[in-house]
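S.K.: This is the structure, below, for whatever I ask next.
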Amino acid sequence: MIAMKYSFAAGAAVVAMLTACGDEVTEVTNVDEKASLDIVEKYKELPKCEESIYGSLVYAADSSQVYACTSDGWGSLKGEKGDTGAKGDDGKAGENGTNGKDGDDGKNGESCTATALKDGSGIEVKCDGKVVGTIKNGADGAKGADGTNGTNGLDGESCTTKAVENGIEVSCPGSEPVVITNGDKGEDGKSAYELSGTDKTLEEWLASLKGDNGESCTATALQDGSGIEVMCGGKTVGTITNGTNGTDGEDGTNCNIVSDEGGVVTIQCGEGENAETTKLYKAMCGTDPFDPEKKFCVLGKLYDKCGGKAYIVNREYCKDDVVEELCTEVNRKEDGSYEVVANRALSEDEFCLAGIVTKKCGSKEFSMKEFCGKTMDGKVDSVFTFCRNPDDERLESAYQLIGKSIFPTDEDDAAFSSSSLFGNLIGPKLDDFTGDDLKKFYDALENLKTSCEEIP
C-alpha cells in the first residue's frame, strides 16, 4: 500500500470539503481541531483496522471518500441513506399547474488541487485558486519489536597443517590439500637521502636537517585571572583569555547491565515503555558470540579454555584444567602386525613415549633409553636400561624407523613452533605412523632387549 500521512487544521468540515470540492468551503477555514489523515490510491489498500490505529482517517482516491477506523472496522464518513418513512394518506388531487420556465444553467463546479509545501512538511489544498486548507505530515509511528535471533550454523570441520618446503600445506576434510607458499622478498626501498635528490654528501645533507635553536616560551597567568599571557624570546606573542561557561547539558538516562551470558552483554537504558536495550558482543566466532575469558575460537569453532588458557587443538587436550598432549594409540594384532587406533587422551596408568600411548611400568614412567621388564622372579614390573656403548647407535636406528631420535635437539622444538598457525592454536599434524614401520620398530627394540650382554 502506498500511503502518505498528514495532519491538517480542519475537522469534519474538511472531510466534506475533500469529498465535494465544488461546494461552498469558506465556513471551515477557521476550525482549530486537528486530525490525522492518510491517503491511499484505492479502498482495498486500506491497512488492517486494529485497536492501535482506532480514530485514524484515510482518504481513498478511487471513491473520493474518507474512511475512519473504529471498533466496527473501516467506515465511510459519508452519511448513509435513511430508512423510508411510513406512507402518508393520499392528498386531494390538485389542479394541473402551468409549466414553468426553464432554469438557467448552473455554474461549473470548482476544481481542487493539492501541492506539496516547499519545506516538505505537508500539502496545500486549493479550490478554484483559493487556499482552503493545509494537510501536515503526521508523526512517525512507534518503533517495531526486535526480530527473533536466527538459528546457529552447523559446526565446521577441523583442518590440519604441516610445514612443507617454502610454505605450509593446509588439509581440510573433503577437499584437496592446499599449499600456501612463502612470498618473495621485496626490493629494498630507497632511503630518505636518496629520495631527496640532493647533490650534497650524506654528511652534508644530515647536517642541513638540523635547524636553528628555537626560542623558549613561557605562559603567565594574568593578574585579573582572566587568562594567560604567552611570551617567547622575551616578547609577548599572544594572550589566551578564559572562555565562558557552557550551558548545562540535559540529564542523562540511567543504564544498567541486565544480563551477561554467552559472550553477550545486554544493557538497558531507561525504564518502562521508554526503556531501550542494546546488545554488545564481547567477541565473535563465525556467527556465534563468546566470552574470550572462558572460550577461544579456532577456524570458526569454539573451545572451552583449560584453566583459563587456550591450547593447540589438534595436538593437546584439557584434563582437570591442565593442558596435556594427545598421544597415538597403537594396537598389536593377533598376526603380529601393528595398526594405529586413534589419537587420544591418556588414562592414569599411561604416559606418552615417542608419541605413542605406553603403559607405565609399576606406576612409573621411563625414557626412550629404557624399557619395562620383569624382575628375576618374573613377578614385578621394573624399569631396565638398554645396553649402552656401542648399542646407543642401534637404539637410535630403531627410533629413526618411526621418525624419532633419542638425541633431541633445540631444532625439533623450533620446527614445532614455526609450523604452528592461528596464534599457536593449530600445530603440525600428529605423527603419521604406518603398520610396517611400527613392526620394524618394535622388533628392533625386542632384539636390543635380548642381545644385551653384561659389559665387564
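S.K.: Note down the net charge around residue 307, summing +1 for each Lys or Arg and -1 for each Asp or Glu among other residues with Cβ under 11 Å from its Cβ.
M.R.: Computed value for this residue: 0.
S.K.: Can you tell me the FRET efficiency between residue 384 and residue 291 if r is taken as the Cβ-Cβ distance and R0 is 41 Å, rounded to the nearest 0.05?
M.R.: After rounding, the FRET efficiency stands at 0.20.
S.K.: Right, something else. Based on the mean of other beta carbon atoms within 10 Å per residue, what is the order of 221-230, 247-256, 306-315, most packed first? The partial results should precede the final answer.
M.R.: Working: 221-230: 11.4, 247-256: 8.2, 306-315: 16.0.
Listed from highest to lowest mean packing, they are 306-315, 221-230, 247-256.
S.K.: Given a cut-off of 18 Å, name the pairs among 333/439; 305/429; 404/439; 294/319; 333/440 whose C-alpha atoms lie farther apart than that in the structure shown.
M.R.: 305/429
S.K.: Rounded to the nearest 0.05, what FRET efficiency do residue 280 and residue 137 have when you use their Cβ-Cβ distance and R0 = 35 Å?
M.R.: Plugging the Cβ-Cβ distance into 1/(1 + (r/R0)^6) gives 0.50.
S.K.: For the residue pair residue 309 and residue 434, what label-to-label distance in nm results when each label sits 7 Å from Cα along the Cα-to-beta-carbon direction?
M.R.: Modelled inter-label distance: 3.6 nm.
S.K.: Listed highest first by mean packing, meaning other Cβ atoms within 10 Å per residue, what order do 115-128, 346-359 come in?
M.R.: Highest-to-lowest ranking by the protection proxy: 346-359, 115-128.
S.K.: For an R0 of 25 angstrom, estimate the FRET efficiency from the Cβ-Cβ distance between residue 179 and residue 359 and round to the nearest 0.05.
M.R.: With a Förster radius of 25 Å, E is 0.05.
Quick note: the coordinates plus some simple rules give every number you see, no bench work behind them. Predicted model, so just to flag it, every value in this text is computed and none were measured. So basically every Cβ, Gly included, is an ideal-geometry build from the backbone, and we count neighbours across all protein chains shown.
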